[in-house]
Amino acid sequence: MAERERRGNPPYGGSFVARTRVMNREDLIRAIRRMAHEIIERNQGLADVVLIGLQTGGVAIAGQVADDLADIEGSEVPLGKLDVAFYRDDIGIRPVLPEEVTDIPFDIDNRTVVLVDDVLYTGRTIRAALDALGDYGRPRSVQLAVVVDRGHRELPIRPDYVGKNLPTRRDELVDVHADGVDLGEIVK
Amino acid sequence: MKDLLDIAPLGRAGIETLLDLTDHFVEVNARTIRKVPALRGRTIVSLFYEDSTRTRLSFETAAKRLGADVMTFSVSSSSVAKGESLRDTVKTIDAFGVDAFVVRHSSAGAPHMVARWTDASVVNGGDGWHAHPTQALLDAYTIRSRRGRLDGCRIAIVGDVLHSRVARSNVEAFGLLGAEITLVAPPTLLPPAVSTWPVRVAHHIDHVLDDIDVCYLLRMQLERQAQGLVPSLREYTSCFGLTADRHRRLGPEALVMHPGPLNRGVEISQEAADAPNSVITQQVAHGVSVRMAVLFRLLGSGQQIEAVSEDL
């Protein structure tokens, strides 16, 4: 969603046209459920675990992961959302406008922060998110959960939890939405 | 958008984009670390030809919280004292390599001239009696944050409208956002063209008190009495001051606003200034966030900014 909104609308140009549905609604629900199990397994429970969804595509996914975690473990994890616009490395090059206001209504010091996003691509958004987190506190560790890893990393960043590894071309676009995941391109 | 010189060219959509952006900087300013690296490596000059503490500090705080470098130019310690023209001063500073000028000047239109002489962005920090756009934006933001929206909001602007750039910019901004504005002033302190403005006019504060959501008091510049525009400050207060009694009549829901500095006991009473419905200190706090939004919008959003604003 975030990627589609950011890249699929003017001034990036054109509109997104889906070509292939690579995950349907059930695939998506199962993948998110599995990532929730992996988060619990890796952290041996949910003590000190907090979830932070990246604006805007990661926010809905983080909400679903939080629901699954509560369902499996029977306890609520703190849930926040982070907009990284002011930490991006392309400010002044491309139009950067933030979307929703950051809301982290809890302390992240000495917590395990699980960043949640819909699509992992160049890694630049995650780089910005790591910088932003540093201004909110000092987590004990930061982990990364993404629904789709589409490759083409430009920075040494890797995810801890992946819904689906999806080989893509650079000119393609991945759209994660409530009914699944589509692969397509921008038509100008 | 290269410059912010005036409210009108922004239009309603442009104002709302800036107010939405301000929400993000209010969040930044509520953190322990009140700083983002958005304008790192950019240089912003405050070029103030008129005394101002709060506006200059507010802009400089905003610039620093965006990670920009700030140069301060004050007339008293510069070559302006040696007779250098505004144009030469701007050209000289421009040659250092700067990204934005924040200009305050006692002559209306000075920031517009500066904008023609430089490729850097120019923000009007107040020019003569003409305009003070960032004050209008922070006032609109303050009302919006308390009331949700300005549409249909009944706002009285009370005092020396004639000599007030704040009043001019606020009438434009509040009007574009759909508020109903009443100017309350003696005929000697209203501009001749007021009949062409989208406002109503009253000549006594008691005539509007029961029907307003916001009571915006302008500073009564004490030298106006010497010019014979008001008979006496006591008489001004008796007709236009928000006294304790009038403040009680206003009710707890109506907001009390003032651009500062306050003349307590003249246009505003102690009780009104410090009451729970007075948002005067919020105005100052929002000033930093609004100016961060303006600077970020001008310097931080890349070349294709117009395409974004059309889309919003």
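We did not get these values from a lab; they are worked out from the coordinates using the rules stated. Keep in mind the model is a prediction, meaning the values are calculated, not measured. Methodologically, a virtual Cβ is constructed for each residue, glycine included, from the backbone with ideal geometry; neighbour enumeration extends over all protein chains shown.
Data table
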{"read-out": "Mean Kyte hydropathy of 0.5 or more with a Cα span along the axis of at least 15 Å, helices from DSSP in chain A", "value": "A:57-73"}
{"read-out": "Largest to smallest principal axis extent of the C-alpha atoms in segment B:1-139, angstrom", "value": "44, 31, 26"}
{"read-out": "For chain B, built as a Gaussian network whose Cα springs stay under 10 Å, the top-fluctuating residue of B:214, B:194, B:171", "value": "B:194"}
{"read-out": "Rounded FRET efficiency, nearest 0.05, which uses the C-beta distance separating residue B:117 from residue A:185 and R0 of 41 Å", "value": "0.35"}
{"read-out": "Filtered trypsin sites (Lys or Arg not before Pro), segment A:56-145: DSSP coil and at most 14 other beta carbons within 10 Å", "value": "A:140"}
{"read-out": "Exposed-site-free run, longest, chain A (rule: GluC sites (Glu not before Pro); DSSP loop; at most 16 other C-beta within 10 Å)", "value": "A:1-75"}
{"read-out": "Proximal lysines to residue A:164, defined as alpha-carbon separation beneath 24 angstrom and excluding residues fewer than eight positions away on the same chain", "value": "A:81"}
{"read-out": "Ellipsoid semi-axes in whole angstrom, largest first, where each is sqrt(5λ) of the Cα gyration tensor of segment A:25-170", "value": "23, 19, 13"}
{"read-out": "Angle between chain B longest axis and helix B:280-299 axis [Cα atoms, degrees, rounded to 10]", "value": "30"}
